[in-house]
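Each remark here refers to the structure printed beneath this line.
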Amino acid sequence: MSGTTLVWLRDDLRIADNPALHAAVEKGDPVVVLYLHDDASPGLRPIGAAARWWLHHSLVALDASLRDVGARLTLRRGAAADVVPALVREVGADAVHWNRRYAKGPREVDAALKQALRDDGVDAHSHQGSLLFEPWTVRTGSGGPYRVFTPFWRACLDQPEPRAPLPAPDHLDEPDGDWASDDLDDWALLPTAPDWAGGLRDAWTPGEAAALDRLEHFATEVLADYGDRDHPAQEATSHLSPRLRWGEVSPFQVWHRLRGDLPPAAREQAQPFLREVVWREFNHSVLFESDDLASTNHRPEFDAFPWREPDPDELRAWQQGRTGVPLVDAGMRELWVSGAMHNRVRLVTASFLVKNLLVDWRVGERWFWDCLVDADEANNPANWQWVAGSGADAAPYFRVFNPVLQQQKFDAHRDYVRHWVPEVDDEDYPEPIVDLKESRRRALDAYESMRRTPAAARD
């Protein structure tokens, strides 16, 4: 099986605009496509339960897409340093291609593997497939990373136009021979006892075909209303976040579709939406510079913040949407049922935990990590740190989202709240578990306490 190319897929579960796959096809040799469930390499964060559900179904869809063009998806499990070289030997590969990752742990795994493969005489190549603007290409005048989003956005606009999306292969040739593939069901990614994923099945259809359909629907039917995106009851958002997280659609496809032919009303909203896409890029640039964005304050002064030990009953009420604060309860129930939450409501629910309950942002980040189908190792911790005030270009800590005022402004008719909390108008709907005014004052006092802590005492 000489002259085979191995393509190693990770968070890029698509065949169109996949630079690693495209490079393999261009090489002209038979191709083996691998998805490795790596739960053994050091420095990799295990995915949460809702993400595992999405991954299972996205892999099923990817395998079907590959079979349509003459190939199949090979599944293996284990540490990349062991599994990839073993499969290279098994199929007689002389080249391996993958798309780059940007967190420290995955980067180190990839770099070590690339060197080991090259030492064994195997061509190993990485490609730009997941970000429009890779972190080392967008730098300040002094050569450092941007710490504020708006200058980062402007710098991205000054970059050359992102490349056009690459076509999907018409046909893939596999090498002769037989090699083993795991049975996806043996990975036990789906919940069974109990099966809590009914809401996810109702809300989502994972896979590349559904992602491209959603992008087109957003561009032609929804984008014109994007200016109303802060109203959670309205259909004004893209629902592309899990698609981008799993790479079922690429940011290049999104960028060029929204730079292309659009209805007149949609053209006005394309730039605001693409700005949000670049927020994702900014978060990944912060992740690139961080040792551990999910557990370390980006702003070290927050190491001295006097978080409260979570009250188990309060924390459980927040997780289950039983706080007695309608907008918070609606958001947390939407999260549990659908694996997603409207972005405006994410800010409100996070602020309630971090500021009104004075619970460390890392507690909330871990809960969202387990519950979100779009849980992303850059966006999830960066957004939690944004709310907490400890992140890059973060909201100031003293900005406390008042969930009552937020509901009055963005869900005035309570359509969103009533959908997720139908008992909200009942007499026995509970009182809030915390006084919003008093807890806001307590949060601001805690912030002032942190500010008065001498720098030396934070080390």
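Compute the acute angle (0 to 90°) between the alpha-carbon long axis of helix 326-338 and the principal axis of greatest extent of the alpha-carbon atoms of the chain; round to the nearest 10°.
Helix 326-338 and the main axis of the chain meet at about 20 degrees.
Mind listing the long-range amide H neighbours of Val31? Cut-off is under 5 Å, sequence gap 5 or more, other chains count too, H placed in the peptide plane at 1.01 Å from N.
Amide H neighbours of Val31, under 5 Å, 5+ apart: Thr5, Asp173, Glu174.
Work out the charge dipole of the chain with +1 on the Cβ of Lys and Arg and -1 on the Cβ of Asp and Glu about the Cα centre, then indicate which of Trp53, Leu6, Ala392 is farthest towards its positive end.
Among Trp53, Leu6, Ala392, the one farthest towards the positive end of the dipole of the chain is Ala392.
Can you grab the distance from the C-alpha centre of the range 214-236 to the C-alpha centre of the range 422-455, Å, no decimals?
33
With a point put 7 Å past each Cα toward its Cβ, work out how far Ala86 is from Asp39 in nm, to one decimal.
For the pair Ala86/Asp39, the computed spacing is 1.6 nm.
Let me spell out the model: positive unit charges on the Cβ of Lys and Arg, negative unit charges on the Cβ of Asp and Glu, origin at the Cα centre of the range 1-125. What dipole size does that give, in debye rounded to 20?
Details: 16 positive and 17 negative charges, 77 e Å.
For this selection, approximately 360 debye.
Please determine, in degrees from 0 to 90 and to the nearest 10, the orientation of helix 80-91 with respect to the longest principal axis defined by the Cα atoms of the chain, where the helix direction is its Cα long axis.
30
Could you line up Leu9, Leu75, Leu240 from fewest to most neighbouring Cβ atoms inside 10 Å?
Details: Leu9 25, Leu75 18, Leu240 21.
Exposure proxy ranking, most exposed first: Leu75, Leu240, Leu9.
Show me, for the range 138-148, the HN-Hα J-couplings you get by feeding each phi into the Karplus relation (A = 6.51, B = -1.76, C = 1.60, θ = phi - 60°), rounded to Hz, glycine and proline as x.
In residue order, the calculated couplings are 10, 10, 6, x, 8, x, x, x, 6, 10, 10 Hz.
Which of the peptides 326-337, 135-146, 280-291 is most tightly packed, and how do the rest follow, going by the mean number of other Cβ atoms within 10 Å of each residue? Don't jump to the answer; show the numbers that get you there.
Working: 326-337: 24.7, 135-146: 13.1, 280-291: 21.2.
Peptide ranking by packing, descending: 326-337, 280-291, 135-146.
Can you put Tyr447, Tyr35 in order of Cβ neighbours within 10 angstrom, beginning with the fewest? Don't jump to the answer; show the numbers that get you there.
Numbers: Tyr447 19, Tyr35 24.
Ordered by Cβ neighbours within 10 Å, fewest first: Tyr447, Tyr35.
Residue farthest toward the positive end of the dipole of the chain, with Cβ of Lys/Arg at +1 and Asp/Glu at -1: which of Ala443, Thr220, Ser41?
So the residue furthest toward the plus end is Ala443.
Just to confirm my numbers, what's the Cα centroid distance between the range 354-401 and the range 275-306 in Å?
10
Say the dipole of the chain comes from +1 at the beta carbon of Lys and Arg and -1 at that of Asp and Glu; which of Pro165, Ala236, Ala79 then lies farthest toward its positive end?
Among Pro165, Ala236, Ala79, the one farthest towards the positive end of the dipole of the chain is Ala236.
Among the lysines, which have Cα under 16 Å from the Cα of Lys114 when same-chain residues fewer than 8 positions away are ignored?
Leaving aside lysines fewer than 8 places away in the same chain, those within reach of Lys114 are Lys104.
Treat each spin label as a single point 7 Å out from the Cα along the C-beta direction, and report the Arg201 to Thr137 distance in nm.
4.2
Hey, rough spin-label estimate for Arg441 and Val404, points 7 angstrom out along Cα→Cβ, what's it come to in nanometres?
The answer from the label model is 1.5 nm.
Expected output is a single nm value to one decimal: the length gained when fully extending between Arg452 and Thr296, i.e. 0.36 nm times separation in residues minus the C-alpha distance. What is it? All intermediate terms of the calculation are to be shown ahead of the outcome.
Details: separation 156, 0.36 × 156 = 56.16 nm, distance 2.08 nm.
Residue separation times 0.36 nm, minus the Cα-Cα distance, leaves 54.1 nm.
Go through 59-65, 311-317 and give me the packing order, highest mean Cβ count within 10 Å leading. Could you put the intermediate results ahead of the total?
Working: 59-65: 18.7, 311-317: 14.4.
Ranking the peptides 59-65, 311-317 by packing returns 59-65, 311-317.
Under a point-charge model restricted to the Cβ atoms of Lys and Arg (+1) and Asp and Glu (-1), what is the dipole moment magnitude of the chain relative to its Cα centre, in debye to the nearest 20?
1660
Considering only the other residues whose Cβ falls under 12 Å of the Cβ of Glu108, what net charge follows from Lys and Arg at +1 and Asp and Glu at -1? Before the final figure, lay out each step's value.
Numbers: positive: Arg101, Lys104, Arg107, Lys114; negative: Asp110, Asp291.
Result for the local shell: +2.
For Arg163 and Gln234 in the same chain, what is the full-extension length gain: residue separation times 0.36 nm, less their Cα-Cα distance, in nm?
Working: separation 71, 0.36 × 71 = 25.56 nm, distance 3.31 nm.
Taking 0.36 nm per residue and subtracting the Cα distance, the gain is 22.2 nm.
Find the relative contact order for the range 189-307 and round it to a whole percent, using C-alpha pairs within less than 8 Å whose residues are 6+ positions apart. Spell out each step's value before the answer.
Numbers: 71 pairs, mean separation 26.4, N = 119.
Value for the range 189-307: 22 percent.
If you bin every alpha carbon distance in the chain into 10 Å steps from zero, what whole percent lands in each bin?
Spelled out bin by bin, the chain gives 4, 19, 29, 26, 15, 6, 1, 0 percent.
Mind putting a number on the dipole of the range 300-458 about its Cα centre? Charges go on the C-beta only, +1 for Lys and Arg and -1 for Asp and Glu, and I need it in Debye to the nearest 20. Kindly include the intermediate steps, with their values, before the conclusion.
Values: 20 positive and 27 negative charges, 130 e Å.
That gives a dipole near 620 debye.
If you take every residue apart from Ala265 with its C-beta less than 15 Å away from the C-beta of Ala265, what net charge results, scoring Lys and Arg +1 and Asp and Glu -1? Mind dumping the intermediate values first?
Values: positive: Arg229, Arg267; negative: Glu221, Asp225, Asp228, Glu235, Asp261, Glu268.
That works out to -4.
Rule-based calculations on the coordinates, nothing more; no lab input. Treat the numbers as computed from the prediction; the structure is a model and nothing was measured. Ideal geometry is used to build each Cβ from the backbone, glycine not excepted, and the neighbour counts take in all protein chains shown.
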